[in-house]
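One structure below.
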2 protein chains.
Amino acid sequence: MAPVDTFAALADPTRRQVLDLLSRRDRAAGELGAAFPSVSQPGMSRHLRVLREAGLVRVREDGRHRLYSLRWEGLAAVDAWLSKYRDFWETELDSLESFLDSKAAEAPPPKHARNRKGRP
Amino acid sequence: MAPVDTFAALADPTRRQVLDLLSRRDRAAGELGAAFPSVSQPGMSRHLRVLREAGLVRVREDGRHRLYSLRWEGLAAVDAWLSKYRDFWETELDSLESFLDSKAAEAPPPKHARNRKGRP
DNA sequence: ACAATATATATCACGACTGTTATGCGTTTG
DNA sequence: CAAACGCATAACAGTCGTGATATATATTGT
């Protein structure tokens, strides 16, 4: 249930960009590979495998092409994980807003320097 | 703008569990370390550094303790990234729903809860 | 059937990350 | 002030993931 593998899959910038491309339209593996000159064909193939195993993309075969498409369930799993924290940070945001509102009229240039101690 | 480092920080299960603990209350570094017997003290210290540098937690010094707390901005960055896809998968969900609705007469219990609203 | 295309897998080198032990620095306590 | 505590950093070994080259498999076209 926990998206254990999913975050690892998302840790790679190339894979996130692949998802970005797939969010617009489905694409063949080669098309995706061509979009990343820095990645070789086998490299892209393995990235796609990781995304597949993480449940983030789906493949269908079209002749000698393999068309990849985004799988919303995969991303929804991340969203579900995130929702555990949503209550928390909305509360925090509310307090921040209250705080800012309370001194809103004072300082136009928000030059907010809170104290910062030893950072080597 | 892209939470490049953030997803890498979230890729580790231990770090995600740390965030989970911090979502309930702030904790000292040692307290967090004690929660993970499989991780040594320096190990936890470095996990905390990664989370710090990813902007996911914040530290304040309290005597000889270092109290860690969750930083909502960090998780909000993930949420922002995810929101790029939210339109997409809601569309997909809608088609799924239409599809299911079209054969809904057969299955009475509509127990699917899809209440996630986008955060503007 | 053969060649070309499209993609996946095998294998290997390397760099990054995780975990461990040892140590340093600041803080509290007796 | 010295000893103990809390935590961070240093240095190092093992592991995992990524990238590259070479090869295997399947499909289309001639």
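The values are calculated or read from the model by the stated rules, or taken from the named source; none is laboratory data. Since we're looking at a predicted model, the values are computed, not measured. For neighbour counting, all protein chains shown are included, and Cβ atoms are generated from backbone atoms with ideal geometry for every residue, glycine included. The protein model used for the area step is the full one, side chains on, heavy atoms only, and it has no ligands, DNA or RNA in it. Shrake-Rupley method; radii C 1.70, N 1.55, O 1.52, S 1.80 Å.
Can you pull out the buried accessible area for chains B and A, both sides counted, probe 1.4 Å, rounded to the nearest 100 Å²? List each step's numbers first, then the result.
Numbers: alone 8900 and 9320 Å², together 15260 Å².
The buried area between B and A, both sides summed, comes to about 3000 Å².
Taking amide hydrogens as modeled 1.01 Å from N in the peptide plane, which residues meet the under 5 Å criterion relative to A:ARG71, leaving out close sequence neighbours?
A:VAL57, A:ARG58
For region B:22-94, what is Rg from Cα atoms divided by 2.2 N^0.38 Å, rounded to two decimals? Can you show the working numbers first?
Details: Rg = 16.2 Å, N = 73, 2.2 N^0.38 = 11.2 Å.
Rounded to two decimals, the normalised Rg is 1.45.
What does the copy distance list look like for A:SER23, label position 7 Å along Cα→Cβ, in nm and ordered from shortest?
2.2
Where the label is 7 Å out from Cα toward Cβ, how close does B:GLY43 come to the same position in every other copy, in nm, shortest first?
3.2
If I histogram all Cα-Cα distances within region A:1-49 using bins 5 Å wide from 0, what percent of pairs lands in each bin?
The percentages, shortest bin first, are 5, 20, 32, 22, 14, 5, 2, 0.
Which distances, shortest first and in nm, link A:HIS65 to the matching position in the other copies, using label points set 7 Å out along Cα to C-beta?
Taking the point 7 Å beyond Cα along Cα→Cβ, the inter-copy spacings are 6.0 nm.
I'd like the distance between the alpha-carbon centres of region A:7-54 and region B:35-77, rounded to an integer number of Å.
Region A:7-54 and region B:35-77 have Cα centres separated by 31 Å.
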